[in-house]
1. Farther than 22 Å from Tyr299 by Cα and either in contact (Cβ under 8 Å) with a residue 60 or more places away in the chain or charged (D, E, K, R) (or both): does that describe Arg199?
2. Could you say which residue among Arg126, Arg138 is surrounded by 11 or more Cβ atoms within 10 Å (Cβ to Cβ) and farther than 15 Å from Ala91 by Cβ?
3. List the strands (runs of 3 or more DSSP E) that sit entirely inside segment 120-208 and contain at least 2 residues that are of a type in the set (Lys, Arg) and closer than 25 Å to Leu50 by Cβ.
4. Any idea which of Leu241, Leu262, Leu277 is touching a residue at least 40 places away in the same chain (Cβ under 8 Å) and under 25 Å from Leu27 (Cβ atoms)?
5. Which one of the conditions (1) assigned by TED's automatic domain parsing to the domain that holds Gly10; (2) within 30 Å of Ser231 (Cα to Cα) does Thr134 fail to meet, given that it meets all the rest?
6. Can you work out which of the residues in segment 70-100 that are assigned to a loop (DSSP other than H, G, I, E, B) and of a type in the set (A, V, I, L, M) is surrounded by the most Cβ atoms within 10 Å (Cβ to Cβ)?
7. Checking Ala275 against (1) crowded, with 21+ Cβ neighbours inside 10 Å; (2) in contact with a Ser or Thr (Cβ under 8 Å, 6 or more places away or on another chain); (3) hydrophobic (A, V, I, L, M, F, W, C): exactly one of these is not met. Which one?
8. Quick check, is Pro287 touching a strand residue (DSSP E or B) at 6+ places or on another chain (Cβ under 7 Å), within 15 Å of Pro165 (Cα to Cα) and not hydrophobic (A, V, I, L, M, F, W, C)?
Amino acid sequence: MPGGIPSPEGGTLIFEVQTNLDRLATLGTTPYGKRCIAVGLEGTVTGPKLSATILAGALDFELALSNGVIEVEDILVFRMEDGKYIYSRSAGVGPDAKDVRVVMDFEAPDGSAVEWLNTGQFVARRFLNESAKTLSLRVYDVSNSAADAANVIRIAKPAGAKPQPWDFRQKHPAEKPGQELIVESVGLSPSQRVGPSKRGTRNIIPITGGDITGRITGRVLAGGADYQNLSAPPAIDARYLWQASDGEIIIVRNTTSAADGLVPTFETRSEGPYAYLNTGLYLSSNPGVANGGVKITMYDSAK
């Protein structure tokens, strides 16, 4: 929000999200700050404007900066009582963990009873309870809230803080696969199809787990999904986690924005054994069908 993020409570409450967590993983310090990731179990959505279910596998990426500022990215999938789906990928910030405000963004099916979510202005108050392993979002319509000095929050990043990317890396035309990095086998659940919405035709394929072999060995953790957009040109955007055999957690994003092939990027502990993933350039094969899921090979990038 260009004018700043207003206090959510200055708007009108439309619903609350409540979900228990399957896991709460602390990576430690990555190139962007101290990273913590929450993976949700199935949750509830209740309120005057919306009743639904939050599907298992929701992702909450929390980043704590050196001055105490908290940045978050939340990825949620809602299932309505009529069986339709809503996709939400949102970003938020706060001066500390007690005042985190998330600017909610929704992709609801065109022509559905909740199409109004595509155009409104919504801010959520986020609560993460680490000891209870719960995550909640209290979502307000702030369309009529005045963004004045009394209720706007503005954040200053520490000097030299590296901004975390929102978009994915694009493949250079000269890049080609080099040495093999890993082979992953990924289990998938049936698709959750939003259908046509404000950014195209969204289709979500949840990730249920798997394994990785090669230069790194370990597991693909349950949670996250391929949040693909089927509009021309189709785009894959898979977000999920690896746990290496030594326990280290690695954030994986494997993407493409045309017929150029997949481009994976990673985030992991800066002082950890896989820190090279933070700065390396990598390419990926397209998914191949295997054992009810997909098999993917990732490579060093070469020119």
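The values are calculated or read from the model by the stated rules, or taken from the named source; none is laboratory data. Values in this document were obtained by computation on a predicted structure and should not be read as measured data. Heads up, the Cβs are rebuilt from the backbone with ideal geometry, glycines too, and the neighbour counts pull from every protein chain shown.
1. Answer is yes for this residue.
2. From the options Arg126, Arg138, the qualifying one is Arg138.
3. Because the criterion is at least 2 residues that are of a type in the set (Lys, Arg) and closer than 25 Å to Leu50 by Cβ, the strands (runs of 3 or more DSSP E) in segment 120-208 that meet it are 122-129.
4. After ruling out the rest, the residue left standing is Leu241.
5. All conditions pass for Thr134, except number (2).
6. The residue in question is Val100.
7. Going through (1) crowded, with 21+ Cβ neighbours inside 10 Å; (2) in contact with a Ser or Thr (Cβ under 8 Å, 6 or more places away or on another chain); (3) hydrophobic (A, V, I, L, M, F, W, C) one by one, Ala275 breaks only (1).
8. no
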